[in-house]
Structure formats: structure tokens, C-alpha cells
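Student: Got a structure for you, questions after.
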Amino acid sequence: ALRKLVLGFGNIFNNIYVGKYDSNRTLKEKNRVPLTYSPKEKFIRRIQETSSITPGVRAEITLPRMGFEIIGMNYDPTRKVNKLRITKKDNEDGTFTFNYAEVPYMVNFGLYVFTRDIDEILQIVEQITAQFTPEFIISMNFNSLNRKVDIPLVLTGTSMNEIYEGDFTDRRAVTATFSFMAKAYVYGQERTAQVVTEAESSFFFTDDTTSGSTLLGTGGFSGPTAGG
């Protein structure tokens with residue numbers, strides 16, 4: 001479930017584009033922003049340092065670029081339900097598959113944007129924030145039992161800053177950080193059991209000596225007979 005939640009979150013930001021314009025604001029070029037699962041510190045180091053492809057060739061990371069990661073998880077008691085509640089489906093072989101109630105968790109995500117100039121980062125920020133008011137709901141199929149589950153994603157914070165410390169020869173990088181909270185669930189193991197088709201009950205008569213009536217009981221339960 002958590003892996004699918006990560007894929008679902010990343011898929012929301014998988015089609016972000018930036019455009020390059022001339023002095024008349026005419027679109028000259030439109031490029032898709034790459035998205036990867038990676039912590040922010042790794043991107044900053046890649047921006048500041050060049051990587052070696054071959055002994056004679058050194059290349060810098062291409063900007064703009066986006067990355068995201070899970071920051072943490074917290075149990076959400078406000079969405080707790082009866083843990084003995086089950087979700088089930090019937091199988092063709094006469095059995096049924098079931099699991100117990102899901103466990104609610106708040107999953108926190110961090111989304112990071114890295115660009116070379118202010119214009120590019122403003123384009124990306126506008127595309128993202130326009131979709132959240134402040135939440136955006138995605139519908140996901142977590143397993144064969146829990147399908148079309150609505151997961152609200154809440155945008156909890158946005159910040160922008162520029163990496164400007166260092167020499168004039170250092171590469172400029174503008175960053176933006178988005179904080180999200182997903183109201184998600186964690187699901188237990190799916191189990192298979194036989195469908196109950198028959199039941200046996202044993203009935204017996206007892207005499208109530210205090211009232212003089214005859215009672216009918218079964219398995220610890222008792223009640224008056226038809227003529228009692």
C-alpha cells in the first residue's frame with residue numbers, strides 16, 4: 001500500500017512543463033521537468049558538483065529538475081474504525097477472501113524543485129499550487145479488496161529560496177519546497193476462508209424447579225417453550 005501511495009503521489013507531478021520565451025513572450029521551447037524519488041540534500045550536492053562520465057568528460061546536472069520523498073508517518077486516531085470490521089469478496093471456488101479494517105496513517109511527503117532562474121520556478125509553482133485548494137483527492141486501488149479508495153493530499157506549506165553563497169563562478173540554483181500530507185491507510189494481510197453453508201444446533205429440555213416451568217436451552221442460551 002505504501003509503495004502504491006508513493007507511485008500515486010509522484011504520478012501527480014509527472015507532467016510538469018516549463019516554457020522558454022523570447023522578449024515578446026512568444027513560446028519558443030517547452031520541456032518536461034524530470035521527476036525522481038530522491039532526498040533534497042542529494043540534489044543540492046549534484047548541482048554544486050560535476051559528475052565524471054569519462055576521465056576526460058565532466059557533466060553537470062540538467063535543470064530544471066524535481067524530486068520527492070517520504071518524510072514521516074503518524075497514526076491518525078481521528079479516522080479509527082472498529083478493527084474487527086472486515087472487507088471481503090466471494091471467489092468462484094466457494095471460498096471468500098477478506099482482511100480486517102485498515103489502519104489510518106498520515107503520510108508526509110516533501111516535493112523539491114530545482115531550477116536555474118526565477119521564471120522557471122514560478123511556472124512550476126503555479127502549475128502545482130493551482131491544483132490544491134488546499135487538498136487534491138486521488139482514487140487508488142491498493143489490493144483486490146480495497147479498490148477506488150479516495151486519498152486526500154493536503155498542501156501544508158510552500159517555500160522558495162536561492163542558493164547564492166560562494167564564488168561568482170559557482171552555479172546558480174533556485175529551489176522550492178512543498179510539504180504535503182496524505183490521509184492514507186495501511187492494510188493487513190489478505191486471508192482466505194471457507195463459506196459457511198451448514199450449521200448444527202443441539203436442543204435439550206431442563207426443568208426450572210423455582211417456577212415450575214419447562215425451558216428450552218441450546219449452547220448456554222435458554223428460553224420458554226411454545227407451551228411454557
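Student: When only residues in region 151-163 that are β-branched (Val, Ile, Thr) and open to solvent by 30 Å² or more (accessible area, probe 1.4 Å) count, which is modelled with the lowest pLDDT?
Tutor: To start, the set of residues in region 151-163 that are β-branched (Val, Ile, Thr) comprises 151, 154, 156, 158, 163.
In the following step, the residues that additionally are open to solvent by 30 Å² or more (accessible area, probe 1.4 Å) were identified as 156, 158, 163.
Working: Thr156: 94, Thr158: 91, Ile163: 64.
Here the residue is Ile163.
Student: Report, by residue number, each residue of region 16-31 that is of a type outside the set (A, V, I, L, M, F, W, C) and modelled with pLDDT under 90.
Tutor: Residues of region 16-31 of a type outside the set (A, V, I, L, M, F, W, C): 17, 19-26, 28-31.
Result: Gly19, Lys20, Tyr21, Asp22, Ser23, Asn24, Arg25, Thr26, Lys28, Glu29, Lys30, Asn31.
Student: For region 58-79, check the following and say yes or no: at least one residue is touching a strand residue (DSSP E or B) at 6+ places or on another chain (Cβ under 7 Å), farther than 19 Å from Val174 by Cα and at pLDDT below 80.
Tutor: Scanning region 58-79, I find at least one residue that is touching a strand residue (DSSP E or B) at 6+ places or on another chain (Cβ under 7 Å), farther than 19 Å from Val174 by Cα and at pLDDT below 80, so the answer is yes.
Student: Glu198 is checked against (1) surrounded by 10 or more Cβ atoms within 10 Å (Cβ to Cβ); (2) modelled with pLDDT of 60 or more; (3) not in a strand (DSSP E or B) and fails just one. What number does that condition carry?
Tutor: (1)
The values are calculated or read from the model by the stated rules, or taken from the named source; none is laboratory data. Worth saying up front: this structure is predicted, and the values here are computed from it rather than measured. For neighbour counting, all protein chains shown are included, and Cβ atoms are generated from backbone atoms with ideal geometry for every residue, glycine included. Surface areas here come from the heavy atoms of the whole protein model, side chains and all, with no ligands, DNA or RNA. Shrake-Rupley method; radii C 1.70, N 1.55, O 1.52, S 1.80 Å.
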